[in-house]
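A.B. asks: For reference, the structure I am asking about is given below.
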Amino acid sequence: MVPFNKYVVLGASLLIIFGLTCCKGSRKSSRAKLESQIATQKTTIEAIRENKGISGEAQSQPQDVPESNIEIQQVVIDNTYKGEDTGPVFNIDNIRVNGDQLNITVNYSGGCETHHFQLISNRGYMKTHPPKLRLYLKHGPHTDSCRELVKKDLVYDIKAIQYPASSELMLSVNDYPDLISYTY
C-alpha cells in the first residue's frame, strides 16, 4: 500500500500547477499546458500505485517480514504461571494456526529497541470436547522510549501443547476474542 503523503503531495502539486497555469497567457495555451501537466501527474500517480517512482523504477516500500524469515519460537511450559503479568501494553491483531505453528500478529508502541514476546502454557487443559487451553502471550520488559506503532509477526511451534487424548484443541490467547482451533 502506498503511503498517503505521496498522494497529498501530488494533489497539492496539481492544485499549484492549475493555479499557475490558469492565470498566465492565453486560455488556449494555458489549457493545453494544463492538460499536458495533468496527463503527466496521472502517469506519476499510476507509477506510484504500481510501486514505481517518478523515474519509473521500482521503489522499495516498508513491508511486513515474510513468514519464512521469522524465527519460530517454542512455547514456554510453566505449570505455575497464572497469567498475572503479560508485560507492557500490546494488542493482538490476528491469530491463526498453520500446521503445528501458531502465527500471532501484534502491535505495540516502540521502534527503538527490540521487543521480545513469550507464549506461555501452564497446561491447564479444560475438560471440554474438544479440550480447551488458555495460552498467555507475554511482552518482555523493555526501556524503549519511542512511540512508533510497530507491527510484528510471531510464530510459535505448538506441538508441545497437544492434548494426548484428543486430535483437536481449542486455544484462547490473552483477551483475543476468538477461540482458535488446533487440529493435529
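A.B. asks: Listed highest first by mean packing, meaning other Cβ atoms within 10 Å per residue, what order do 77-89, 130-142 come in? Don't skip to the answer; put the middle values down first.
C.D. replies: On the way: 77-89: 11.5, 130-142: 17.3.
Highest-to-lowest ranking by the protection proxy: 130-142, 77-89.
A.B. asks: Of 155, 76, 182, which is farthest along the charge dipole of the stretch 67-183 in the positive direction, counting Lys and Arg as +1 and Asp and Glu as -1 at C-beta?
C.D. replies: 182
Every number in this text was worked out from the coordinates using simple rules, so none of it is lab data. These numbers come from a predicted model, not from an experiment. Cβ: placed from backbone, ideal geometry, glycine included. Neighbour counts: every protein chain shown.
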